[in-house]
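Asks: This is the structure, below, for whatever I ask next.
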Amino acid sequence: MSLVLDPAAQDLLFREARTANTFTDEPVTDEQVQAIYDLVKYGPTAFNQTPLRVVLVRSAEARERLVTHMAEGNQAKTAAAPLVAILAADNEFHEELPSLLPHFPQAKDLFFSERPARESAASLNAALQAAYFIVGVRAAGLAAGPMTGYDAAGIQKEFLDDDHTPLMVVNIGKPGEDAWFPRSPRLSFEDVVTTV
């Protein structure tokens, strides 16, 4: 066997994990979300930057506001999920770099003094962190339903500010009845990997 991770954990995180479209009513606790974050915060990023920001949409009033910005096909499942998280990129992440990268504090000004450079770095590295977050949700025994079908400007205005760019909305919970679409094909190793 080439992998050291237990086969059951491999299945939980990857092989049997799917994007959930329905959920049970079982709540997702703040303690579960904190445990997820405390695990996935160790995922690698460039310069140890941490641009991911998570907005947990818990109240009925906030959920209604969010649903109005979701694409029609995503509205019902977003309204019904036990927890919804808006994952966003903080374009001012560089302010934290001196404490996150203490051996190279000048990286803040050397590489990220210009807003376009920050936005590009924030987008890439927050997307990496979002992927870790989804795997962390799975590690907690929950299912994730990440979506990008929404009005980004509306979500930014409603829940964020000009310094935060929405990346995705993730429904979170225990999978419900008929939660999965059939597994879609994946490319083979030979289709993806070349050696030079």
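The values are calculated or read from the model by the stated rules, or taken from the named source; none is laboratory data. From a predicted model like this one, the values you see are computed outputs, not experimental measurements. Here the Cβ positions follow ideal geometry from the backbone for every residue, glycine too, while neighbour counts run over all protein chains shown. For accessibility, only protein heavy atoms count, side chains too; no ligands or nucleic acids. Shrake-Rupley method; radii C 1.70, N 1.55, O 1.52, S 1.80 Å.
Asks: In terms of Cα to Cα distance under 27 Å, which lysines are near enough to LYS77, apart from those fewer than 8 places away along the same chain?
Replies: Correct list for LYS77: LYS157, LYS174.
Asks: Length gain on complete extension for the stretch SER113 to ARG58, per 0.36 nm per residue less the alpha carbon to alpha carbon distance?
Replies: 16.3 nm
Asks: A further question follows. Two decimals is fine: what is log10 I(q)/I(0) at q = 0.17 Å⁻¹ for the chain, from a Debye sum with one equal scatterer on every Cα and no solvent?
Replies: These q points yield log10 I(q)/I(0) values of -1.20.
Asks: May I pose another question? Given the options LEU187, ALA152, ALA131, identify the residue whose Cα lies farthest towards the positive end of the charge dipole of region 119-196 (+1 on Cβ of Lys, Arg; -1 on Cβ of Asp, Glu).
Replies: Comparing the listed Cα positions along the dipole, LEU187 ranks first.
Asks: Grab the Cα-Cα distance for TYR42 and VAL196, subtract it from 0.36 nm times how many residues apart they are, and report the gain in nm with one decimal.
Replies: Using 0.36 nm per residue and subtracting the Cα-Cα distance, I get 52.4 nm.
Asks: Now for a separate question. Counting only other residues whose beta carbon sits under 12 Å from that of LYS157, what net charge do I get with K and R as +1, D and E as -1?
Replies: Here the charged neighbours net out to -3.
Asks: Pulled fully out, how much extra length does the chain show between SER184 and ALA152, if you take 0.36 nm times their separation in residues and subtract their Cα-Cα distance?
Replies: 8.9 nm
Asks: Which residue, chosen from LEU12, ASN48, VAL170, occupies the Cα position most advanced towards the positive end of the dipole of the chain, where the dipole is computed from +1 (Lys, Arg) and -1 (Asp, Glu) charges on Cβ about the Cα centre?
Replies: LEU12
Asks: Would you mind getting the accessible area per residue of the chain, heavy atoms of the protein chains only, 1.4 Å probe, in Å²?
Replies: Using a 1.4 Å probe on heavy atoms only, each residue of the chain averages 57 Å².
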